[in-house]
Amino acid sequence: MKKENFLWSAVKTGLIVGVVAIFICFVGMVEVFSKRDVIEKLITLGQFVLLAAMFSAGFIASRHTSSLLEKNKPVSNLVAGLVAGLFTGLVLALLVVVGAEVNLRAVFLNATTTLYDVLTLDKGVGNVWILPLIGAVAGLLGAASLLLPQILRRPITQALVFVIFMAFFSGLFRVVMINQGSDMSKAAKYLFGQTGLTLEGTLIFFLGVIAVSMLWSYKGKDIQAGVTRLPKAGRLSLRVIVYALIAYVALGLPQVSGPFIAQVIVTVALFVLMGLGLNITLGFAGLLDLGFVAFYAIGAYTVGLLTSYGAFGLQHIPFWVAVPIAVLVAMASGAMLGLPVLGIRGDYLAIATLGFGEIVRLLAGSDFLAPFFGGPQGIIGIQKPCLGTLGPFIRVDVPRVCNGLELGKPQDIYYIAVVSAVIIAFVAWRLRESRLGRAWMAIREDEDVAEALGVNLIQTKLLAYMLGAAFAGLGGAIFATLIGSIFATSMQLIVSINVVSLIIVGGMGSIPGVIVGAIALIGLPELLREVSEFRFLLYGATLIIMMLAKPEGLWPSQATRRELHHTEVEAGVKA
Amino acid sequence: MRTSPGERLLDLAVSGVLWGFRILLVAAILIGTIATIRAGKYTSEQWIDFVVFGISQGSIYALIALGYTMVYGILRMINFAHGDIFMTGAFAAYFLATWMNGTGFIDSYPILGLLIPILFAMIVAGGIAMLVERIAYRPLRGAPRLVPLISAIGASFFLEYAFRGFFGPGVYAYPPIKALEGEWDILGIGILKVQVVVAVAAFIMMAILYSIVMFTKVGKAMRAVSESKDTAALMGIDVNRIIVSTFALGAAMAGAAGVLYSLIFRQVGFFMGFTPGIKAFTAAVLGGIGNIPGAMVGGLVLGIFESVGPSLFLEGLGITRPYQLKDAIAYTMLVMILLFRPSGILGERITTKKA
């Protein structure tokens, strides 16, 4: 078979990346991102994204060339990178030229003059040749990065990633550091500008990470060996110290960060909690439940109806009594809905549960049930939790007085969510190691085999489903209290998809993975206004990419890692 | 070999709950229907209107359902992004039709003004579906079932929010076609022209698709691949090509359905594909997934049920504003059909073989 010419393959790579770059422009990312700087007064995030596209075109083309020629030939690699970057630049230049003639804005909302200005670096259409030039240089660099020895490549990549991360969060760090006092504030102003890193800050971070990374690659093995050599007690105490540190940060964070970040952290904690719940259903037992939001809604409405001092409040009981009831109600409805549905297999189950979720939302928001659930107006005036005794209920729309400590602020709810999450994590962890947990995994791997081995399918699945529902109900209950009101419109399918995504990103069946996933998918977009506009687009892309590249997730559980890399492990053993 | 009393009790409980559901549902429908008919609030003319609307809406569902059913037949995979392919078709047609409307073309040639956007929508939708298949589905062939499903959910969200980025969160109004306004008098009953045209167009498309699948070489290859990929490959069929053309064909139908849908409802927006997508899936399961005539029957049944249902039995049960619960009827049907007869109305033969 005749092999493809490497230049032609580079041209193709360049064109494909160019089309992707145009997609990024039209979707609106470039324009929105160009409002934030990576390095102040030097390069905006929007330009950076395009630059990264050209760079990766070069990198990919260079890798293709190596595989086509079956070895690294520095000159061909560099030429391929150059060509790929050049073509990416040409495609973008073409966009600018066409855009100057034809009004693309009639179709694509984001084909604005601002976009063209960003693309031509504010120099006008006449200077559009600058784009292929930049593309060629970036592509060359991308190709060159492949040729670097491993020992240099890794520190540089890590440093780049870290700089981008810091640039993204520069505003946040700046605010937090300035609040800490005058010394910190000086440092903050030195490192972070108004909209991005300062040049000095960039250099410090870049070189710092390279230094640390190099040090680690020389000494890391020694340190690891040192830790394993420690006596058992020593290792245990090291672990305790690490956990204590994490706990200290997790508990102290909302106190120092101010109300906005506190709100974000609560949301993350809430999603961790729900993620841990769905993790039992999806991660352990392999049941894809897209109607998770139904139980979330049931929990929220139960707490709402039981504690609200508004017009729909039924009982006016304290939060602490209402929450266990909500969990039980959610669990019971999980059993009610689960009993019939669980006979269905795999993908049909996902769609059936999705149907349930939508039915619950439609019913809760309908005028038909409005006398009970408030319909579109929802339930308002949910009583805040109170440590102490509650005063008597006087009349509608007047909250009960709390004699003691009222937990009204997001920071307070955060602790409730964290405590619940810790409890659920513990339960999930113990369950996973139990006989039941092994039965779940068996079902996940193969229902028929599991049944043949004596696992009662319906009973086992039902338990997973009920536990998932119970934890979703808990999440809903805390959410209702946090917001203080419930509306049927907030019970969208998107909540279920959020939870599913964060489990998949973190790693199915993995408990730390849920936390990583929640921080990555819920926390980061909330903190970054620029990203939050594209969050669902990025979710979609993330789901696909995770399935293609890393189905076990970012932080897989031991078992999944073993399963998916079975052959590698075996090969390792043989070698 | 179930011996423990606990397990026997559980089995009993399961079948008890299932029977309870069935009886409750049938009773609710019967009581509601009788109450409505006795109250006599609607004239027979209104009922006919409901049914006609149901048929035209159902034929759109059927058209979308074909894509689900064909892909499922070949890959055993729920193409969750299919509803969004439908949306892309509607958008493509919207922009073309708006431009044509601006030049006055639609008013002078109403038939071409209808057909050209449909054709364009079919091409765009087919192209996007081929891209989605290439990027998000093909590399995952042979992976555990949940993996492609999750990837498809990702593709669905990606398409929705990419289009939101392109065209904004607003809703566009599909340009009006003057020739389709007003009513036709059929057997003394006035019926909206749009609804007739939509239903007829949908049936023509379905007939075309059916003959492609039954009488052409590609169609034969499709049927062979859905029987067994390996055997088909041994017979010299390029399985990958057939899978791609199945996606493209189903997507083209969905794209056309997108145009017909916007003709009736006159609204084009980035989220418009979600609900019709789920309903079309319901229709596909209703008719027996993997079964092409089944998808058509399922679509019609669902469309009519959904259009007649709120007034026929929900109102009789004393539900205020039953129209709000129209979607709930479709979802209930979805859950019920998955529970009680996952092989569908016409699908028994096929599904038992391939389950």
Positive-end extreme of charge dipole, the stretch A:402-487 - chosen from A:SER434, A:GLY454, A:THR481 (charges on Cβ): A:THR481
Karplus-derived 3J(HN,Hα), 6.51/-1.76/1.60, for each residue of the stretch B:204-211, Hz, glycine and proline x: 4, 4, 5, 5, 4, 4, 4, 6
Relative contact order for chain B, counting Cα pairs under 8 Å that sit 6 or more residues apart, in percent: 33 percent
Unit charges on C-beta of K, R, D, E only; dipole of the protein assembly as shown, Debye: 2040 debye
Euclidean distance between Cα centres, the stretch A:55-130 to the stretch A:207-269, Å: 41 Å
Euclidean distance of C-alpha centroids, the stretch A:427-492 and the stretch B:20-59, integer Å: 38 Å
Cross-link pairs A:LYS12/B:LYS220; A:LYS12/A:LYS71; A:LYS35/A:LYS123; A:LYS461/B:LYS326 - those with Cα-Cα distance over 27 Å: A:LYS12/B:LYS220; A:LYS461/B:LYS326
The stretch B:45-354 pair-distance distribution - Cα-Cα, 10 Å bins, rounded %: 6, 27, 35, 23, 8, 1, 0
Charge dipole magnitude, Cβ of K and R +1, D and E -1 - the stretch B:202-338, Cα centre, debye nearest 20: 220 debye
Calculated P(r) tail over 22 Å for the stretch A:227-332, as whole % of Cα pairs: 58 percent
Expected-Rg normalisation [2.2 N^0.38 Å, Cα atoms] applied to the stretch A:1-147: 1.07
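Return a whole-number percent for the relative contact order of the stretch A:45-90, with Cα pairs under 8 Å and 6 or more residues apart as the contact set.
45 percent
Write down Rg/Rh for the stretch A:253-571, rounded to two decimals, with Rg from the C-alpha atoms and Rh from the Kirkwood relation over Cα pairs.
Using only Cα positions, Rg/Rh for the stretch A:253-571 is 0.99.
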Ellipsoid equivalent to the stretch A:206-273 - semi-axes via the Cα gyration tensor, in Å: 32, 20, 10
Cα centroid separation, the stretch A:505-544 to the stretch B:227-265 (Å): 33 Å
Principal semi-axes in Å for the stretch B:1-141 [√(5λ), Cα gyration tensor, largest first]: 43, 31, 9
Most positive-pole-ward Cα, B:VAL259, B:PRO175, B:PHE157, against dipole of the stretch B:45-354 from beta carbon charges: B:PHE157
Taking the stretch B:96-230 and dividing mean pair separation by its residue count, relative contact order in percent (alpha carbons under 8 Å, at least six apart): 17 percent
Kirkwood Rh, angstrom, the stretch A:13-79 [1 / mean 1/r, Cα pairs]: 13.2 Å
Viscosity 1.306 mPa s, 10 °C: Kirkwood-radius Stokes-Einstein D of the stretch A:152-229 over Cα pairs, µm²/s: 115 µm²/s
Cα coordinate range in the protein assembly as shown, projected on the principal axes (Å, largest first): 84, 74, 60
Fraction of antiparallel bridges per DSSP, chain A only, in percent to nearest 5: 90 percent
For the stretch A:102-154, convex hull volume per residue from C-alpha positions, Å³: 120 Å³
At 1.002 mPa s and 20 °C, Stokes D of the stretch A:1-42 from Kirkwood alpha-carbon radius, µm² per second: 168 µm²/s
Sequence-distant residues sharing a close amide H with A:VAL38 (under 5 Å, placed H): A:ILE43, A:THR44, A:LEU45
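For the stretch A:178-295, what mean projected area does the convex hull of the alpha carbons give, in nm²?
Averaging across all directions leaves 12.8 nm² for the Cα convex hull.
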Those Cys residues of the protein assembly as shown for which no other cysteine Cβ falls under 4.7 Å: A:CYS25
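Coordinate-derived values only; no laboratory data. Everything quoted here is computed from the prediction, not taken from an experiment. Every residue, glycine as well, gets a Cβ built from its backbone with ideal geometry; the counts of neighbours run over all protein chains shown.
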